[in-house]
Amino acid sequence: MDPVVPRVSGAPTRDDGRMEPDFIARLRTQLGGPRDGALLRFSLGNALLGQGDAAGAAVALREALAFDPQYSAAWKLLGRALADGGDIAGAIDAFERGIAVARARGDEQAAKEMGVFLRRLRKPSP
């Protein structure tokens with residue numbers, strides 16, 4: 001049995017840093033229920049990305065943004081998930097849209113972070 005190491009976020013992880021599968025299952029059981037919304041979908045996307053499931057994370061994060069298109073953290077994580085999954089054009093679009101949302105909300109820190117990811121993606125490969 002893998003030991004569980006608690007993270008600051010409260011999401012249980014194994015000592016290799018991956019989310020416990022039952023945590024993801026518990027999140028999924030709440031989909032469509034009274035607690036369903038942007039935060040639940042974001043949490044699921046974050047957990048799936050932590051498991052290395054970039055495609056599943058992207059789906060959950062797009063669903064989070066369907067609930068709240070102004071959720072700048074979801075745009076940032078969607079960009080990362082798409083980049084990890086090899087969809088560079090999609091990641092660039094997500095970061096650009098996320099930067100616009102973050103700036104409109106006055107969230108300059110999120111805009112700066114997404115700008116760093118965006119510059120890395122646009123940087124020509126050697």
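Of note:
- Residue within region 13-36 that is at pLDDT 85 or above and either closer than 25 Å to GLY115 by Cβ or of a type in the set (Gly, Ala, Ser) (or both) present: yes
- Subset of region 40-70 (residues that are surrounded by fewer than 24 Cβ atoms within 10 Å (Cβ to Cβ), among the charged types (D, E, K, R) and in contact (Cβ under 8 Å) with a residue 24 or more places away in the chain): ASP68
- Count of residues meeting criterion [in contact with a helix residue (DSSP H, G or I) (Cβ under 8 Å, 6 or more places away or on another chain) and either surrounded by 11 or more Cβ atoms within 10 Å (Cβ to Cβ) or touching a residue at least 40 places away in the same chain (Cβ under 8 Å) (or both)] in region 109-126: 8
- Selection over region 71-126 of residues that are assigned to a loop (DSSP other than H, G, I, E, B) and more than 14 Å from ALA58 (Cα to Cα) gives a count of 8.
- Residue, surrounded by the fewest Cβ atoms within 10 Å (Cβ to Cβ), within region 71-86, restricted to residues that are over 9 Å from the mean Cα position of the chain (by Cα) and of a type in the set (A, V, I, L, M): ALA83
The values are calculated or read from the model by the stated rules, or taken from the named source; none is laboratory data. Being a predicted model, the structure only gives us computed values, none of them experimental. Methodologically, a virtual Cβ is constructed for each residue, glycine included, from the backbone with ideal geometry; neighbour enumeration extends over all protein chains shown.
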